[in-house]
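One structure is given below, encoded as structure tokens.
The values are calculated or read from the model by the stated rules, or taken from the named source; none is laboratory data. Remember, it's a predicted structure, so these values are computed and weren't measured experimentally. FYI the Cβ positions are ideal-geometry reconstructions off the backbone, even for glycines, and counts take in every protein chain you see. Accessible surface areas use protein heavy atoms only, side chains included; no ligands, DNA or RNA. Shrake-Rupley method; radii C 1.70, N 1.55, O 1.52, S 1.80 Å.
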Amino acid sequence: MTNVNETVVRYIAAWNERDPKRRRELVAATWTEDGSYIDAHRHGKGHGAIDAMLATTQAQFPGYRLNLISGIEAHNNFLRFSWAAGGTNEAPLYLGGTDFATLAPDGRINVVAGFIDAAPAPMK
């Protein structure tokens, strides 16, 4: 298995990468071919769908960059870590979440389940 820290660094980098070719390379290096991501608002299964999901999210949140804000807990091929984005002049709304993942034997991600810990209040 590859280093878990390197996997999470690649994962965060994939969310932040704006160059489509480089983002696709990061997705392939980070997720298994049939890997998936799911949260309450978005999902993708397979490299193409994950890449498209990331591109759509980047278009929805221009100027936002994910940053790792916790340690990485790993055991028995499971991962947990927290991230944050925003809270800056370029990206004023603060967003934060915790992602849980399963790893394949080669160290790439099989499944990520994302949970939002901090987000703007919904408008009524």
What angle, in degrees between 0 and 90 and rounded to the nearest 10, separates the Cα long axis of helix 47-60 from the longest principal axis of the Cα atoms of the chain?
-> 20 degrees
Mean shadow area of region 17-124, taken as a quarter of the surface of its Cα convex hull (nm²) | 7.2 nm²
With a sphere of radius 14 Å drawn around the Cβ of residue 7, what net charge do the other residues whose Cβ falls strictly inside it have (Lys, Arg +1; Asp, Glu -1)?
-> -1
Please work out the average accessible area per residue across region 25-106, using the 1.4 Å probe convention, and give it in Å².
-> 53 Å²
Helical mean residue ellipticity (222 nm; -39500 (n - 2.57) per DSSP H run of 4+; nearest 500) of the chain = -9500 deg cm²/dmol
Report relative contact order for region 1-112 in percent, whole number only (criteria: Cα-Cα under 8 Å, sequence separation at least 6).
-> 26 percent
Which order do 25, 6 take by accessible area at a 1.4 Å probe, largest first?
-> 6, 25
Tally Lys and Arg at +1 and Asp and Glu at -1 over the other residues with C-beta under 15 Å from the C-beta of residue 63: what net charge comes out?
-> 0
Sequence ranges 31-41, 66-76, 8-18, ranked by mean other-Cβ count within 10 angstrom, highest first = 8-18, 31-41, 66-76
Spin-label point model (7 Å from Cα, Cβ direction): what's the residue 9 to residue 76 distance in nm?
-> 2.9 nm
Round to the nearest 10 and give me the degree value, 0 to 90, for the angle of helix 4-16's Cα axis relative to the longest principal axis of the chain.
-> 40 degrees
Loop chymotrypsin sites (Phe, Trp or Tyr not before Pro), region 55-96, which have at most 16 other Cβ atoms in a 10 Å radius of their Cβ (DSSP) = 94
Computed E for residue 29/residue 69 - FRET, C-beta separation, R0 22 angstrom, nearest 0.05 | 0.45
For the residue pair residue 52 and residue 94, what label-to-label distance in nm results when each label sits 7 Å from Cα along the Cα-to-beta-carbon direction?
-> 3.5 nm
